[in-house]
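Here the structure is laid out as C-alpha cells; the discussion comes afterwards.
Read the figures in this text as sums done on the coordinates, not as results from a lab. Fair warning: this is a prediction, and the values are worked out from it, not measured in the lab. When we count neighbours, we look across all protein chains shown, and the Cβ atoms used for this are built from the backbone with ideal geometry, even at glycine.
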Amino acid sequence: MKYYINTYGCQMNIHDSEKIAGILEELNYHACSKQEEADIVVFNTCCIRETAEQKIYGHIGMLKKLKQAHPNMLVVVCGCMSQQEGVADKIRTSYPFVDIILGTSNLNSLKQAVLDAQRRKCCVKVDFELYNEEDFVQSRTSYPNAWVNINYGCNNFCTYCIVPYVRGRERSRPLADILTEVKKLLADGYKEITLLGQNVNSYGHDLPNGEDFSALLKSIAELDGKFRLRFMTSHPKDLSQEVIDVIASYPKICDNIHLPVQSGSTEILRRMNRRYTREDYLSLICKIRTKLPNVGITTDIMVGFPGETEQDFEDTLDLVQKARYSSAFCFIYSRRKGTPAYSMENQIPYEVKRERITRLLACQNDVTKQISAEMIGKQFEVLVEGANNHYKNTMCGRTESGRLVNFKCDEQMTGQFVTVLIEQAKSATLWGKIVTEEE
Ligand code: SAH
Ligand code: SF4
Ligand code: F3S
C-alpha cells in the first residue's frame, strides 16, 4: 500500500509530515511520488493566510473524482487549518469523502484512525491533546538536515496571527529528551540540526529546573563530531545578549538568525502587539552584528496591516536598508477570523497592499544584491545539501550565514562539507566552485 502527503506551510508542518510518514510506514504504507497512485492521501494544512487556505480547499476538492474512481483510497486532512473553529464541520459538509480529520496535536491518534477508516469508520478529532515526541518513529526526508522540535505552540498573540489559536499554548520539551534525540541523529550521520519553535528564545520558561535556550544551545554545541546547529524562529523581544554570546563562542552554532521584524513603524508594531519598538529592534541588530560580524540575518515583513499609513510603510523601507537582511519573506497582510486585527478599523485596500509589497520586494532585492556582490571572490564552507534539479550535475548547499550556493559536484557528496569559491551572484542565489573537499 502507498501513501502520499501534501505538506503546506512552515517547517513545523514539514517536520510533522515526517512524523505522519513514520506512522504510515509502521502501518505498512510506502511513500509514492504520485497522488493518483496512493492508497492514502494526507493534506497537512496551513491557515496562516487566506490564500494558503483557499489553495488547500481547491486541492482537497480536486480529490473528489479520484476518490470516486478509487473508493478504497483514504483521505486525511490534518494540520493548522483543521484546528480552526468550525473548519472540521465545514470539511465534513463540503467534502464528505474525507475520512479522517485531525487537529495539530492529535497526530498520536492517526494510527488508530487509519485502522478504523480501513473499516469504513470516519474519525474527527480536533481537541488539544499533549503528545509525546518520543512516541513517534519519524521518517525523515531532509538529510543532511534534521528538524528537532524544542517547543510547541505560542503565547504571544500578535494581533494578526492565527498560530496561537491553532497550535495551542507554549510548552517546552525537557532538555534531556531533546539531547537524546540529537545524539541519536548525529550517530545516524545527520550533519545539521535545526531546532524548531515559534519562539525558540522563550524555550524553557515553563520547565521546572531553569533550563533555558542558551543552556540548550550550549549542551548541543558541546557534543562531539562535525555538524552545524541552527534554530528558528527568534522573537526579537526574547533574543538575549546571553544567546548572542553563546552563538559567538561555539563555532558549531551557525551565525545565522531569522529575526522577523513585521514592520518598521513603532506604532504599527504596538498595534501588532509585538512588544518592541523600531529602535529596540535596530539596537538588537547592532548588538548581534557587533558580536557576530559575519552573521546572516533574515526576516519576515508584512505590508498593509490595518491603519498602515504611507509614512509607516516608508519606515519599514528605511528599516530594511538599515538592517541589511540577507533575505526577507515579504507578505501581504491577510485578515484571519478570530484574531483581534480582523475587526480593526482602516483595513487597507488590496491595490495599496499590492503596490507596497512591490516596492518592498524591490528594496530588499537591492540589499540582497549588494550583500551578494560583496561575497564574490571569497571562500566559504558549505554543507552539500542536495541536487539542484534545474541544472545538470549541479548541487546546492548553504554557507554558515544561510546563503544558498550552487556548484558543480557529484550527488554522492551530499552531507559533506566543502569549501566553495563564490564566482557569480544571480539575485538571491550564488554560484561558485569547490576548491577543497572534506578530508
Ligand atoms: N513565530 C514566527 C512566525 C510564524 S508565522 C514569529 O513570530 O516570527 C510566519 C510569518 O507569517 C510571520 O512572521 C508573519 O510575517 C506572517 N504572517 C502571520 N500572520 C499573517 C497574516 N495574518 N497575514 C500575513 N502574514 C502573516
Ligand atoms: Fe504568530 Fe506572533 Fe506567535 Fe509568531 S510570535 S506565531 S507571529 S503570534
Ligand atoms: Fe506553520 Fe501555517 Fe501552521 S505557518 S504553524 S503551518 S498556520
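Computed quantities for the displayed model
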item: Kirkwood hydrodynamic radius over Cα pairs of the chain, then Stokes diffusion coefficient at 20 °C and 1.002 mPa s, in µm²/s; result: 92
item: Cα centre as origin, Lys/Arg/Asp/Glu Cβ charges: the chain dipole, Debye; result: 980
item: Net +/- balance of residues flanking G168 in space, Cβ distance below 11 Å, scoring K and R +1, D and E -1; result: 0
item: Eligible aspartates and glutamates near K90 by straight Cα distance, threshold 20 Å, same-chain separation 8 or greater; result: E50, E53, D99, D127
item: Filter on K67/K121; K218/K291; K237/K287; K191/K426 - keep pairs with C-alpha separation over 19 Å; result: K191/K426
item: Selection from N108, Y152, V77 lying farthest towards where the dipole of the chain points positive, charges on Cβ; result: V77
item: Greater than 27 Å apart at Cα, pairs in K2/K65; K2/K408; K184/K378; K19/K125; result: K2/K408; K184/K378
item: J(HN,Hα) series, the stretch 328-345, from Karplus relation 6.51 cos²θ - 1.76 cosθ + 1.60, nearest Hz, glycine and proline x; result: 9, 8, 10, 10, 8, 4, 10, 6, 10, 4, x, 9, x, 5, 4, 9, 6, 6
item: Mean projected area (nm²) of the alpha-carbon convex hull when the stretch 114-199 is viewed from all directions; result: 7.7
item: Charge dipole of the chain about the Cα centre (unit charges at C-beta), most positive-ward option of H205, C286, S372; result: S372
item: Percentage relative contact order, the chain, counting C-alpha pairs under 8 Å, at least six apart; result: 10
item: Extreme residue, positive dipole direction of the chain, given options I348, Y143, G415 (C-beta unit charges); result: I348
item: Charge dipole magnitude, Cβ of K and R +1, D and E -1 - the stretch 286-356, Cα centre, debye nearest 20; result: 500
item: For the stretch 172-229, convex hull volume per residue from C-alpha positions, Å³; result: 75
